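Visitor: Got a structure here, written out as structure tokens. Questions coming.
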Amino acid sequence: MRMVFLGPPGAGKGTQAQQIHEETSIPLLIMGDMLRASVKRQDEVGLEAQGYMNRGELVPDEVVIRVILKRLEEEDCQTKGFMLDGFPRTSQQAQALDKHLSQCNQQLDLVIYYSLPDEIAIQRLSGRKICRKCGKIYNISTLNISTDEQTVCSKENCGGEIYQRVDDDPSVQPKRLAEYHQKTSPLLEYYRQKGMLREVSANRKVEEIFSETMKNLKMT
Ligand code: AMP
């Protein structure tokens, strides 16, 4: 199965995608994580991307397209399909993905759009913290966890440090949301017209969102 997850920052795409990945073993490609790994390594992509990321702006299309297409060519994606979280985010990226898939005689099966009002997205981003070691996402508003006091990951055998992403800082959030509305939200219509879009309200409990997501997967 080949899937794309769309929605504003803070909609919980990553949490959902991770759970589906654990349930189905479909390869999960998280664009933001791939870029953050490059920044950490300070490789060519990372050096180019980090300024944009810290400012909450989108990294140039040609950079992210190059990174994702290379990953999609790997064996696991070719045999098992993929779930894309955080890509595409612009029309140019969506077109590059379509072109790549049609060259491989493949196509997307499903695009899930997690809708969420801006004010809730901002509230969630402000309360979000992440484990540096395993990537588990903690959130006061959705998971009912008091992250202010919690500094260490509670996942079994982890104990990694919990931190707040630079771009989750309140000063950067308006820019990220503006980028989303201006550049990413036109993709909703693009995929709606292709009959691939399924909307799931993300303004609910994680378990409810997950069960509706799975229903959509099973119907495809
Ligand atoms: P995320 O973890 O998905 O919120 O992404 C973090 C940041 O990485 C974004 O604010 C962008 O700067 C960059 N980024 C992630 N995915 C893309 C993409 N598809 N196109 C451009 N920039 C991206």
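The values are calculated or read from the model by the stated rules, or taken from the named source; none is laboratory data. Model, not experiment: these values are computed from the prediction. Cβ placement follows ideal geometry from the backbone for every residue including glycine, while neighbour counts extend to all protein chains displayed.
Visitor: Any chance the stretch 58-74 includes a residue that's touching a Lys or Arg at 6+ places or on another chain (Cβ under 9 Å), within 27 Å of S211 (Cα to Cα) and surrounded by 14 or more Cβ atoms within 10 Å (Cβ to Cβ)?
Guide: For the stretch 58-74, residues touching a Lys or Arg at 6+ places or on another chain (Cβ under 9 Å), within 27 Å of S211 (Cα to Cα) and surrounded by 14 or more Cβ atoms within 10 Å (Cβ to Cβ): absent.
Visitor: Also, I was wondering about something else. If you scan the stretch 166-197, which residues turn out to be more than 24 Å from M3 (Cβ to Cβ) and not in a helix (DSSP H, G or I)?
Guide: Result: D169, P170, S171, V172.
Visitor: How many residues, within the stretch 5-57, are out of contact with any Ser or Thr (no Cβ under 7 Å at 6 or more places or on another chain), more than 8 Å from the ligand (Cβ to nearest atom) and β-branched (V, I, T)?
Guide: Total meeting the criteria: 4.
Visitor: Determine which single condition D148 fails, assuming it passes every other condition in (1) exposed (fewer than 13 other Cβ atoms within 10 Å of the Cβ); (2) within 13 Å of the ligand (Cβ to nearest atom); (3) modelled with pLDDT under 90.
Guide: (2)
Visitor: Right, next: So I112 clears everything in (1) modelled with pLDDT under 95; (2) assigned to a strand (DSSP E or B) except one condition, right? Which one?
Guide: For I112, the failing item is (1).
Visitor: Inspect the stretch 85-97 for any residue being farther than 15 Å from K183 by Cβ, in contact with a Cys (Cβ under 9 Å, 6 or more places away or on another chain) and within 15 Å of the ligand (Cβ to nearest atom) and give the result as yes or no.
Guide: Within the stretch 85-97 (the criterion being farther than 15 Å from K183 by Cβ, in contact with a Cys (Cβ under 9 Å, 6 or more places away or on another chain) and within 15 Å of the ligand (Cβ to nearest atom)), the answer is no, since none of the residues qualifies.
Visitor: Can you say whether V39 is surrounded by 16 or more Cβ atoms within 10 Å (Cβ to Cβ), touching an Asp or Glu at 6+ places or on another chain (Cβ under 8 Å) and farther than 22 Å from R124 by Cβ, as far as the supplied structure shows?
Guide: So V39 does not fit the description; no.
Visitor: Checking R176 against (1) closer than 30 Å to D61 by Cα; (2) surrounded by fewer than 12 Cβ atoms within 10 Å (Cβ to Cβ); (3) touching an Asp or Glu at 6+ places or on another chain (Cβ under 9 Å): exactly one of these is not met. Which one?
Guide: R176 satisfies all of (1) closer than 30 Å to D61 by Cα; (2) surrounded by fewer than 12 Cβ atoms within 10 Å (Cβ to Cβ); (3) touching an Asp or Glu at 6+ places or on another chain (Cβ under 9 Å) except (2).
Visitor: Give me the pairs: first residue in the stretch 163-178 and under 20 Å from Y138 (Cα atoms), second residue away from the ligand (no atom under 12 Å from the Cβ) and aliphatic (A, V, I, L, M), beta-carbon distance under 9 Å, and six or more apart or on different chains, which are they?
Guide: Within 9 Å, the pairs are P170/I122; Q173/I122.
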